[in-house]
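Heads up, the thing below is written out as structure tokens.
The values are calculated or read from the model by the stated rules, or taken from the named source; none is laboratory data. Since this is a predicted model, take the numbers as computed values, not measurements. FYI the Cβ positions are ideal-geometry reconstructions off the backbone, even for glycines, and counts take in every protein chain you see.
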């Protein structure tokens, strides 16, 4: 579930004000900006550059926009490729939704509320109260029956200590979150039943594989600094309606020239200034500035060597997400979502209404850090997870499974492993006017929708700062 923790509790329509940054003067903007990549980073960069006065062309190799957060039609269901959620602290993503005119397509909890299920046991809720952070979680932690009293006390102490970790400290980035948790008295049960509940979906890694600095950033930003920051939001319509349809409409209104099914093959510094973008099967695209918003493993093959993108970028690696889609002949879950402990089921979501399903119930099971599951066959996944769902959701024991299928994102996110921060570049390269965007760049955030949007905004600022008169001359 790349994008943040998972949803729960009541629903409320998001209300977000449109960004009111002071506009960049038109005379300061490059004449032409090309954006390569139509994910959230590229969409944001294109909108920002157009607002800054540039003439923008967006190139996307796929037949749709949205990047790693998209929907496909599977028989009669509109199926999201994965369960993408956001938090109230994801302010830039919320702002983008407002600019796209897509705020009505999402819902946001009025207060954080996560139902946690275990086989054969009543649910336990992780809720926030109206107290300021971090006291807003005290009642839930005290009543978290999946841990012993001693483990709850130790967890409270560890959360206090985690508030003091500097996410920008290279020493913290070099450490494993799992090692830090054990050093701070966390038992294997506490790590699995509490810490991993949040860390695994937000970082797409288990604590032992994750950077302490990145984990500290997630917990501090989402849970430990501001009480309302961790309230969970999610799409109540197919992601395609937001990230593709609404984005194409907003880009067209902004005057951006969007080319789908258009794959950039190489970026070349033009002798007369600016850049030439070689496009597969199409004429060369000329631009004064270029925003490269593609996955990290593709950047090195696309940009000129003179851009000096560190080779370590390709070494960021990737972590998979697997989603199981189960259609039952009757309702088996009476919550919008739930998390699981003492079960292979990590998070399960009711997607019946958003997918357009009629009759029965359509559940999506999101499996983060799914290295083992990504290698399993559909039959193996079915044999493992249908009984696990029946153990977790008693009504599923009597229900008939009408459909079971799997979607896999083998390279869903980069790996926020110890030391990875040093390999995440900022937007600038050594080629003036050639800038980088993507959730893998150094935004401070893990691989989330918020991180992608922030990277696009940073890249647009750099592209607009590369003024056309400067770029038109010889280097």
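Residue check: is residue 65 outside the structural domain of residue 194 (by TED's automatic domain parsing) and in contact with a helix residue (DSSP H, G or I) (Cβ under 6 Å, 6 or more places away or on another chain)?
yes
Check off (1) in contact with a helix residue (DSSP H, G or I) (Cβ under 9 Å, 6 or more places away or on another chain); (2) modelled with pLDDT of 95 or more; (3) closer than 29 Å to residue 363 by Cβ for residue 101 and give me the number that stays unchecked.
(3)
Across the stretch 291-323, what is the number of residues that are touching a helix residue (DSSP H, G or I) at 6+ places or on another chain (Cβ under 8 Å), over 22 Å from residue 66 (Cα atoms) and not in a helix (DSSP H, G or I)?
Adding up the residues that qualify gives 2.
Which ranges mark the helices (runs of 4 or more DSSP H) fully within the stretch 161-235 that have 2 or more residues being closer than 19 Å to residue 369 by Cβ and touching a strand residue (DSSP E or B) at 6+ places or on another chain (Cβ under 7 Å)?
The qualifying helices (runs of 4 or more DSSP H) are 196-203.
State yes or no: is residue 457 free of Cβ contacts under 8 Å to residues at least 40 places away in the same chain, outside any loop (DSSP other than H, G, I, E, B), surrounded by fewer than 24 Cβ atoms within 10 Å (Cβ to Cβ) and in contact with a helix residue (DSSP H, G or I) (Cβ under 6 Å, 6 or more places away or on another chain)?
For residue 457, the condition - free of Cβ contacts under 8 Å to residues at least 40 places away in the same chain, outside any loop (DSSP other than H, G, I, E, B), surrounded by fewer than 24 Cβ atoms within 10 Å (Cβ to Cβ) and in contact with a helix residue (DSSP H, G or I) (Cβ under 6 Å, 6 or more places away or on another chain) - is not met.
Taking the condition more than 19 Å from the chain's Cα centre (by Cα) and surrounded by fewer than 18 Cβ atoms within 10 Å (Cβ to Cβ), does residue 189 pass?
In short, yes.
Does at least one position in the stretch 324-340 carry a residue that is closer than 19 Å to residue 410 by Cα, in contact with a helix residue (DSSP H, G or I) (Cβ under 7 Å, 6 or more places away or on another chain) and either touching a residue at least 60 places away in the same chain (Cβ under 8 Å) or assigned to a loop (DSSP other than H, G, I, E, B) (or both)?
Yes, the stretch 324-340 contains at least one residue that is closer than 19 Å to residue 410 by Cα, in contact with a helix residue (DSSP H, G or I) (Cβ under 7 Å, 6 or more places away or on another chain) and either touching a residue at least 60 places away in the same chain (Cβ under 8 Å) or assigned to a loop (DSSP other than H, G, I, E, B) (or both).
Going through the stretch 112-124 one residue at a time, which ones are farther than 16 Å from residue 349 by Cα and surrounded by fewer than 19 Cβ atoms within 10 Å (Cβ to Cβ)?
119, 120, 121, 122
With over 22 Å from the mean Cα position of the chain (by Cα) and either under 30 Å from residue 275 (Cα atoms) or buried (at least 17 other Cβ atoms within 10 Å of the Cβ) (or both) as the only criterion, which of 320, 310, 295, 336 stands out? Steps first, please.
Numbers: 320 fails: over 22 Å from the mean Cα position of the chain (by Cα); 295 fails: over 22 Å from the mean Cα position of the chain (by Cα); 336 fails: over 22 Å from the mean Cα position of the chain (by Cα).
None of the other options fit; the residue is 310.
State which residue pairs qualify: first residue over 20 Å from residue 339 (Cα atoms) and inside the stretch 356-381, second residue assigned to a loop (DSSP other than H, G, I, E, B) in any location, beta carbons under 6 Å apart, and separation of 6 or more residues or different chains.
Taking only residues 6 or more apart or on different chains, the pairs are 360/329; 360/330.
Restricting the stretch 259-286 to residues that are touching a helix residue (DSSP H, G or I) at 6+ places or on another chain (Cβ under 8 Å) and more than 22 Å from residue 43 (Cα to Cα), which is surrounded by the fewest Cβ atoms within 10 Å (Cβ to Cβ)?
272
Can you tell which of 382, 415, 403 is modelled with pLDDT of 95 or more and assigned to a helix (DSSP H, G or I)?
382
Tell me, which residue of the stretch 13-46 that is farther than 27 Å from residue 409 by Cα and not in a loop (DSSP other than H, G, I, E, B) is modelled with the lowest pLDDT?
Of everything passing the filter in the stretch 13-46, 13 is modelled with the lowest pLDDT.
Residue check, residue 169 against (1) over 26 Å from residue 410 (Cβ atoms); (2) surrounded by 17 or more Cβ atoms within 10 Å (Cβ to Cβ); (3) touching a residue at least 40 places away in the same chain (Cβ under 8 Å), all met but one. Which one?
The failed condition is (2).
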